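Asks: Take this structure first; my questions come after.
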Amino acid sequence: MTELDSEPVLEVRDLHTHFFLRRGVVKAVDGVSFSLHKGEVLGLVGESGCGKSMTALSVMRLLPKGSARTVQGRVLLHGEDILTRSPREMREIRGSQISMILQDPQTSLNPVFTVGEQLREAIFHRTHGRNKDVMREAIEALRRVDIAAPEQRIGQFPHQMSGGMKQRVVGAIVMSGQPGVLIADEPTTALDVTIQLQYLKLLQRLQRETGMAILFITHDFGVVARMCDRVAVMYAGRIVECGTVEQVFENPSHPYTRALIASVPKMTGPIERLYTIEGQPPSLMDLPVGCRFAPRCPHAEQRCHDIYPPAFAVETGHDAHCWMLEAE
Amino acid sequence: MKRYIVHRLLQGVVLLCLVGTIVFFLGRLTGNPVDLMLPEDATPEDRVSMIKALGLDGPLYRQFFIFVGNALHGDLGMSIRMRQPATEAFFSRLPNTLAIIPWSILLAMGVGIPLGVIAALNRGNVLDRAAGTVAVLGVATPGFFLGILLIFVFSVELGWLPSGRMGGPEHYVLPVITLGAFLVAGFMRLVRSSMLEVMESEFVKLARIKGLSEWVVIWKHCLRNALIPVLTLWGVFVGNLITGAIITETVFAWPGVGRLTYEAVIFRDFPLLQAIIILKSILILSINLLVDILYAYVDPRIRLT
C-alpha cells in the first residue's frame, strides 16, 4: 500500500490563495497543509466551494488570471518549491512531473482539433520526436486507457466520443508524460454512474502500474473509500482532519467529519430521516476568527469561537483541528 | 448537405425576385433619364420618340412584365447610357473591383485579428483601450472622409501616392486602406470578445496542464476557436465591402462596379442599375452560401441539415 515513511513527492505547507475582488478579499485557500507520498492516493474531501479545486489550481499554478493569487505558503515537489519557479520552468514541470484531470470531460478537450492532435501535441512537447514515433506513442497512450481501436479513434474529434471516452482521452493526455503526481479534480462527477466505476478502476490500475501519487479531489465518501489510502477533510479553506481512510471512517474526530459521514445515506438498517448539517458554511470573505465550524457545531464552547484550534493527534497518522481533542 | 444547398438556392431565388422588384420600382421613383439626356431646347416630339426608343412608354406594370420576361431569359437589358448590354458592362468592370476587395479583407484581417487578440490578452489596460480607440475610429470614419483625407495627406501634401485611377501597385494602396478600414474594427471587436470567452474554457486549462507554451495556447488553441464566429460574419463583411466599394471607387475614380453603380444611379440608367443590383445580390448570396459550407469544415461539430 503506502510508503508513509518515505519522502513525500508533494508537500504543501501553509498554502494561502486569495481572490482580490472589488467587494473584498475571498480567502479560498487559507492555510492548507498536506503531504502526498509515492504511490499513495490522498483524498481531499469537502463540500462545494470549500477550496478543494483552488488548492489544486494553486499547486498547478494555473489560477484564473487577474484576481486570484497565492499569497503565502510553499509547494514542494520532490523537495523543491515550485511556487518560486519561473513560468518557463513551470511549463517544463507541468505535464511531465505533475499533471491534472479536470472535472468536465465535455469541455476539457478542444473541440476543433482531433484527439490525435491533442495527444500528439502533449507528447511532442516533451520528446520532440519524429512524427511517426509520436503517433505510435499516442496510439499506445490511448490503448493504455482502454480505448478500443485507437488507430481509428485518433482521427476523431471530441464530439464524436462519449463522455466516458473523452475523460479517458483526457487521462491519456495528462498521463502521457508519466508524471509522478496526478491531481484528479472530481474526475467522475460529470460521468454516468455506470461509467464512474469503470473510470475509477482504470485510474487505480494506471496508478498501480506507474506508481504515481494521486491527489483525488471529491465530495463523495463512497469514492474515497474505494480509491484512497488517506483522506483529508476540508472545510472553509482549511483541512480540519486528516488520516488513513480506516482511521477517519471508523473514528471521525472532527465534528464536521462526523456530520459529513452521518449525512451519507445508508444502504442497510432502518430507514430514517437523512442527517443534515444545520446552517451554512461561513462566507469566505468574512471568516470567523476561531474555528470555522463553530457556528454550526453542536459541541462549540466559547474558546472555539475565539481561537482556531491547532492540530491534535488522534492516533498515529491521524489528527484533527478540534478543541475537544485537547483533553484526551 | 445536398438538401441544405438546394434549400439555400431556392431561398436565394425568392430573394432575387424580391430584390429585382424593389429595384425596378424604386429606380423609377427617382425621375426620368430622358430629362438628363436631351438638350434643354429639345422639342416635345423629340422627348416622345426618345421615351419610346428607350422602352419607357406605356404603363409601369407593362414595363415591369417586359423586364421580368426578359430577365427570366437571362436578358437584363441594354444600358441606356453605355449602349451595351448591362450584364456585359457589369462583368467588364467586375475584375477591377475584385482586384481591391481581397486586399482589403487581407488588410482588415491582418490588422484586426492580432489587434483583437492583443486587446483580449490585455483586457482593461492601456493596450486594450488603444485597440478599442482604433476600432471606434475605424467604424466612425466614413469612407468618403477617410478617402479624401488620405488623398490630401499622401497625394496632395506628401506626393507619395497617386490620388486615383487604376495603375501599378502604388495605385492600390489608398483605395485598399479606405475600403478595409472599417472592417479592421469589425474583426478586432469580434475577435476580442470571442477570445475573452474562449480563454475561460476548460480546454485552455488542459492545454496549459500539458505544459504547452503560452504562444501555442493563445494563437493555436484559443484563436482557432475564437475565429469560428468571425467566419460567420464573413458573408456580412463581403456584403459590406461590395457596398463600401461604391464610395471608395467614386472617391478614387476607380473603374469598378462600385463606381458603375454610382453612375447608373446618377444617370438614371434603369436597366444598368437593375442588372448591377441583381448581379451583386447573386454574388453576395453565393459568397454567403460558400461561407456556410466552409463553416462546416472549420468547426467539425457543425453538420449542415
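The values are calculated or read from the model by the stated rules, or taken from the named source; none is laboratory data. The structure presented is a predicted model; accordingly, all values stated were derived computationally and were not measured. Reconstructed Cβ throughout: ideal geometry from the backbone, glycine too, with neighbour counts over all protein chains shown.
Asks: Residue under question is A:SER33, and the condition is that it be hydroxyl-bearing (Ser, Thr, Tyr), more than 21 Å from A:ILE173 (Cα to Cα) and either at the interface with chain B (Cβ under 8 Å from one of its Cβ atoms) or touching a Lys or Arg at 6+ places or on another chain (Cβ under 7 Å) (or both); does it hold?
Replies: In short, yes.
Asks: In the stretch A:133-172, what residues are surrounded by 21 or more Cβ atoms within 10 Å (Cβ to Cβ), closer than 20 Å to A:GLY211 by Cβ and in contact with a Lys or Arg (Cβ under 7 Å, 6 or more places away or on another chain)?
Replies: A:VAL145, A:ALA172 - these are the residues of the stretch A:133-172 that are surrounded by 21 or more Cβ atoms within 10 Å (Cβ to Cβ), closer than 20 Å to A:GLY211 by Cβ and in contact with a Lys or Arg (Cβ under 7 Å, 6 or more places away or on another chain).
Asks: Let me ask something else. Considering only residues that are without any contact (Cβ under 8 Å) to a residue 40 or more places away in the chain and part of a strand (DSSP E or B), look in the stretch A:70-101 and name the one that is nearest to the other protein chains (Cβ to nearest Cβ).
Replies: Result: A:ARG94.
Asks: Then there is this: Looking at the stretch A:314-323, is at least one residue within 23 Å of the chain's Cα centre (by Cα), in a loop (DSSP other than H, G, I, E, B) and crowded, with 16+ Cβ neighbours inside 10 Å?
Replies: Among the residues of the stretch A:314-323, at least one is within 23 Å of the chain's Cα centre (by Cα), in a loop (DSSP other than H, G, I, E, B) and crowded, with 16+ Cβ neighbours inside 10 Å, which makes the answer yes.
Asks: Is it true that some residue in the stretch A:31-38 is of a type in the set (Phe, Trp, Tyr) and closer than 28 Å to B:GLY124 by Cβ?
Replies: no
Asks: Being in a loop (DSSP other than H, G, I, E, B) and polar (S, T, N, Q) is the requirement here; does B:THR30 meet it?
Replies: Yes; evaluated as a whole, the condition is true for this residue.
Asks: Out of B:LEU283, B:LEU273, B:LEU294, I need the residue that is more than 14 Å from chain A (Cβ to nearest Cβ), in contact with a helix residue (DSSP H, G or I) (Cβ under 9 Å, 6 or more places away or on another chain) and in contact (Cβ under 8 Å) with a residue 60 or more places away in the chain. Which one?
Replies: Of the residues listed, the single one that is more than 14 Å from chain A (Cβ to nearest Cβ), in contact with a helix residue (DSSP H, G or I) (Cβ under 9 Å, 6 or more places away or on another chain) and in contact (Cβ under 8 Å) with a residue 60 or more places away in the chain is B:LEU273.
Asks: Do we find a residue being surrounded by 17 or more Cβ atoms within 10 Å (Cβ to Cβ) and either over 23 Å from the mean Cα position of the chain (by Cα) or in a strand (DSSP E or B) (or both) anywhere in the stretch A:245-262?
Replies: No, every residue in the stretch A:245-262 fails to be surrounded by 17 or more Cβ atoms within 10 Å (Cβ to Cβ) and either over 23 Å from the mean Cα position of the chain (by Cα) or in a strand (DSSP E or B) (or both).
Asks: Additional query: Which of the residues spanning the stretch A:173-195 are crowded, with 24+ Cβ neighbours inside 10 Å, in a loop (DSSP other than H, G, I, E, B) and over 16 Å from the mean Cα position of the chain (by Cα)?
Replies: Answer for the stretch A:173-195, where residues must be crowded, with 24+ Cβ neighbours inside 10 Å, in a loop (DSSP other than H, G, I, E, B) and over 16 Å from the mean Cα position of the chain (by Cα): just A:SER176.
Asks: Within the stretch A:102-121, can you find the residues that are within 9 Å of another protein chain (Cβ to nearest Cβ) and more than 15 Å from A:ARG168 (Cα to Cα)?
Replies: A:PRO111, A:VAL112, A:PHE113, A:GLU121, listed by residue number.
Asks: Taking the conditions exactly as written (assigned to a helix (DSSP H, G or I), more than 28 Å from B:LEU279 (Cβ to Cβ) and at pLDDT below 90), does B:PHE144 satisfy them or not?
Replies: no
Asks: From the list B:LEU115, B:LEU72, which one is farther than 17 Å from B:THR261 by Cα and touching a residue at least 60 places away in the same chain (Cβ under 8 Å)?
Replies: From the options B:LEU115, B:LEU72, the qualifying one is B:LEU115.
Asks: Okay, next question. Look at A:GLU241 and say whether it is farther than 21 Å from A:GLY180 by Cα, of a type in the set (Asp, Glu) and buried (at least 24 other Cβ atoms within 10 Å of the Cβ).
Replies: yes
Asks: Could you please give the count of residues in the stretch A:263-284 that are over 22 Å from A:ILE239 (Cα atoms), hydroxyl-bearing (Ser, Thr, Tyr) and surrounded by fewer than 12 Cβ atoms within 10 Å (Cβ to Cβ)?
Replies: So the answer is 1.
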